[in-house]
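J.: One structure is given below, represented as structure tokens, and several questions about it will come after.
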Amino acid sequence: MAGLATVVLLVLVAVFADFLASRLPIYLHFEGETYWFPNVRDPPALRAWDNDRLEEAFGEDDWAVMPLVPWGPNQDDLSMGGASARPPDGRHPLGTDSVGRDVFAGIVHGTRIALSVGFVAVGLYVLIGIMIGAAAGYFGGIIDSVSSRVIEVMLSFPTFFFILTVQGLLPSTSILQLMVVIGLTRWTDVARLVRAEVLRVTTHDYVMAARATGATDLRIVARHVLPNSLGPVLVAASFGVAGAVLVEAALSFLGVGTNIVTPSWGRILNDARSTNYPWWTTFYPGLALFFTLTAYNVVGEGLRDAIDPRLRGDLG
Amino acid sequence: MADENAPTATPEPLVRVVGLKKHFPLRSGFFSRRTAFVRAVDGVSLDIGASETVGLVGESGCGKSTFGRAILRLIEPTAGTVHFDGRDVVALGARELRRFRRHMQIIFQDPYSSLNPRMKVKDIVGEPVRIHGLASGRRAVDDEVVALLEKVGLGSSAMTRYPHEFSGGQRQRIGVARALAARPRFIVADEPLSALDVSIQAQIVNLLKDLQEELGLAYLFIAHDLKIVEYLSRRVAVMYLGKVVELASSQDLYKDPLHPYTRALLSAVPVPSPGAKRARILLAGDVPSPIRPPPGCSFHPRCSIAEKGLCDKEAPALRPISTGHVVACHKA
């Protein structure tokens, strides 16, 4: 339950990142104009402004509702005079990185990147894995032989270095591209899992019964085989999200993950490297990673226990 | 051969199986060469008339179930033909076969494995109705399912429940309802009673009998309980190692078994009176491997009346002894 609660919290943080940390207020009444949610909409009229400058320019009638932390993830706090990492204080609760970007804002907005990379990449490779695994397990024969050999070849690459190489060879890096690269290289485990489960499930008489009633292969797989084979995939997907989050952070730390304008936990860690590792730029993103990975692993364990019929009685 | 092998109940039987074979290849070695075959079904011919029940008995592993499934092409037969109402089922293309399947259904042995645990009863029973377009619209399908469930003695309250909420006997009734949903004329009942309690067995037997009278179904009733087969079947075939060794009307077979294997099987049936004396025929040894069946009559190594030089050399053909009674034994 604690794991699930943490996952829900992370999703909420990702969804409401703009309300927790933003360059612009949540509500603004400024120079006779009223702005609703400029933090989300980023109206052109306020392009040149940020919370700091707005507050200085406020007249009699001007007021605003500020986000929890009045800094955006890519906003440099230049008031400090030159680039240097500042330790946590009242102005920046978790400090800033070497170019004056707020660490809290980076972590909050990095949650978005981490989770979307996790979900999309895992969603993509689970989809690929299910299709290839189901085809291999259900049809067998030549389809099974070919896909099993492809899986074995894929498995012989160390995945992380494979992704690292692909990312390094590509001319530019973006978050979408990172998702696709992770998705296209990590489907093998899911495919093997699904294949094994499909082989197990197709021995049941209800699959033969479905064939006897005249169901098409597609119907048999979609209605009878897959619904009974996907439990373990759910477990693998939960662990997979944790894995993908870690891969994204690691790649961004090495500078070949998302591009430099994308706030990500790995980017904060990467920045820490250039300034002799001030503790707040490594500890807080590390903590965020730690909790995320732990939460997904705990959820995965929970799912595994819930699915395993031998343990079902004990959980009552 | 076919005419001689199978006494026909009607001039044009509903199901005519001729020389059906199923050989499973055994692969071994690096290149998965076919090195041997398991001759699970080795040339079986059988006729089943409309509204007739034919019993099929034999030890475990003699190929009964494989035969039943090969008729329905749930397992592709290696050789032989199956004519259903004059059409060759083996020659049907995939699409035609799917449409044709509604005429021939199957009831399985294990009611726990034969129902999809993630589907509601109304979806399990309604699926054949939908696939073959026997009712259109959700309401019509649901009405059809209610009628089917009533036919097998279950209330409409079963509709929205899942298989695990039912007992073994009830599950078997759901399996029967699914088989009936396609409105078939022929049902292979593959040991439908073996997994049930004796009291439940009687209920299912009577259900099958009632349904046959009501709907004019033909059954191939596969079992190893000889008493139930006698009660249900008009004719009974005895299988041994992939072959039919004796086929007769159930009166003839139980009164006057001709094949030594049939005699041995019948002598193993428990007699309800404790004082009754009976000659128990104990078979020596195990069933030989269907990979390398013994030469000659495949039963000769276990047979008490086998004749050296004949039974171990020459395979006996099925030959008629009296009307409707055929046996494959040199000594009968």
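The values are calculated or read from the model by the stated rules, or taken from the named source; none is laboratory data. These numbers were taken from a predicted model, which means no experiment stands behind them. Here the Cβ positions follow ideal geometry from the backbone for every residue, glycine too, while neighbour counts run over all protein chains shown.
J.: Pairs please, first residue from segment B:134-150 and free of Cβ contacts under 8 Å to residues at least 12 places away in the same chain, second anywhere and among the acidic types (Asp, Glu), Cβ atoms under 8 Å, 6+ apart in sequence or on different chains.
T.: Taking only residues 6 or more apart or on different chains, the pairs are B:Ala135/B:Asp143; B:Ala135/B:Glu144.
J.: Still on this structure, I have one more. List pairs: first residue in segment A:227-252 and of a type in the set (Phe, Trp, Tyr), second residue buried (at least 20 other Cβ atoms within 10 Å of the Cβ) anywhere in the structure, Cβ distance under 8 angstrom, at least six positions apart or on different chains.
T.: Qualifying pairs under 8 Å: A:Phe239/A:Tyr296; A:Phe239/A:Gly300.
J.: If I ask for residues that are in a loop (DSSP other than H, G, I, E, B) and either aliphatic (A, V, I, L, M) or under 21 Å from B:Arg99 (Cα atoms) (or both), which ones from segment B:44-83 would you list?
T.: If the condition is that a residue be in a loop (DSSP other than H, G, I, E, B) and either aliphatic (A, V, I, L, M) or under 21 Å from B:Arg99 (Cα atoms) (or both), then B:Ala50, B:Leu72, B:Arg73, B:Leu74, B:Ile75, B:Glu76, B:Pro77 are the ones that fit.
J.: Oh, and also: Being under 27 Å from the mean Cα position of the chain (by Cα), within 14 Å of another protein chain (Cβ to nearest Cβ), of a type in the set (A, V, I, L, M) and within 17 Å of B:Leu196 (Cβ to Cβ) narrows it down to one residue among B:Val152, B:Val176; which is it?
T.: B:Val176
J.: Also: Scan segment A:125-148 and give yes if some residue there is at pLDDT 90 or above, of a type outside the set (Val, Ile, Thr) and closer than 21 Å to A:Leu251 by Cβ, otherwise no.
T.: Looking for residues that are at pLDDT 90 or above, of a type outside the set (Val, Ile, Thr) and closer than 21 Å to A:Leu251 by Cβ, one finds at least one in segment A:125-148, hence yes.
J.: Additional query: Are any residues in segment B:65-81 buried (at least 17 other Cβ atoms within 10 Å of the Cβ) and either away from chain A (no Cβ under 14 Å) or touching a Phe, Trp or Tyr at 6+ places or on another chain (Cβ under 7 Å) (or both), and if so, which ones?
T.: B:Phe67, B:Pro77, B:Thr78, B:Gly80
J.: From the set of residues in segment B:178-200 that are surrounded by fewer than 20 Cβ atoms within 10 Å (Cβ to Cβ) and at pLDDT 90 or above, which is nearest to B:Val236 (Cα to Cα)?
T.: B:Arg185
J.: How many residues, within segment B:143-177, are over 15 Å from B:Asn206 (Cα atoms), part of a loop (DSSP other than H, G, I, E, B) and not β-branched (Val, Ile, Thr)?
T.: 6
J.: Out of the residues in segment A:169-184 that are touching a residue at least 60 places away in the same chain (Cβ under 8 Å) and out of contact with any Leu (no Cβ under 9 Å at 6 or more places or on another chain), state the one that is surrounded by the fewest Cβ atoms within 10 Å (Cβ to Cβ).
T.: A:Ser172
J.: Can I ask one more? Among the residues that make up segment B:281-294, is at least one of them crowded, with 16+ Cβ neighbours inside 10 Å and not in a loop (DSSP other than H, G, I, E, B)?
T.: no
Quick grid of which residues meet (1) among the aliphatic types (A, V, I, L, M); (2) modelled with pLDDT under 90:
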| position | (1), (2) |
| --- | --- |
| A:Gln177 | no, yes |
| A:Gly183 | no, yes |
| A:Asp205 | no, no |
| A:Leu218 | yes, no |
| A:Leu226 | yes, no |
| A:Val256 | yes, yes |
| A:Gly266 | no, yes |
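J.: Quick test for you: out of B:Gly86, B:Gly19, pick the one residue that is more than 15 Å from the chain's Cα centre (by Cα), modelled with pLDDT of 90 or more and surrounded by fewer than 23 Cβ atoms within 10 Å (Cβ to Cβ).
T.: Within the list B:Gly86, B:Gly19, the selection yields B:Gly19.
J.: Also, quick follow-up: If you check B:Ser157 against the conditions, is it among the polar types (S, T, N, Q), on the phi < 0 side of the Ramachandran plot and within 11 Å of another protein chain (Cβ to nearest Cβ)?
T.: no
J.: Select, from B:Glu96, B:Glu127, the only residue that is surrounded by fewer than 16 Cβ atoms within 10 Å (Cβ to Cβ) and either out of contact with any Asp or Glu (no Cβ under 7 Å at 6 or more places or on another chain) or within 13 Å of chain A (Cβ to nearest Cβ) (or both).
T.: B:Glu96
J.: Moving on to the next point. Can you find, within segment B:110-123, the residue that is nearest to B:Tyr162 (Cα to Cα) among those that are more than 8 Å from chain A (Cβ to nearest Cβ) and either buried (at least 19 other Cβ atoms within 10 Å of the Cβ) or small (Gly, Ala, Ser) (or both)?
T.: Step by step, filter segment B:110-123, then rank; the result is B:Val121.
J.: Could you look through segment B:255-310, keep only residues that are under 26 Å from the mean Cα position of the chain (by Cα) and hydroxyl-bearing (Ser, Thr, Tyr), and pick out the one that is nearest to B:Lys243 (Cα to Cα)?
T.: B:Ser298
J.: Okay, moving on. Residues of segment B:275-301 being of a type outside the set (Gly, Ala, Ser) and farther than 26 Å from B:Leu26 by Cα, which ones?
T.: Result: B:Lys277, B:Arg278, B:Arg280, B:Ile281, B:Leu282, B:Leu283.
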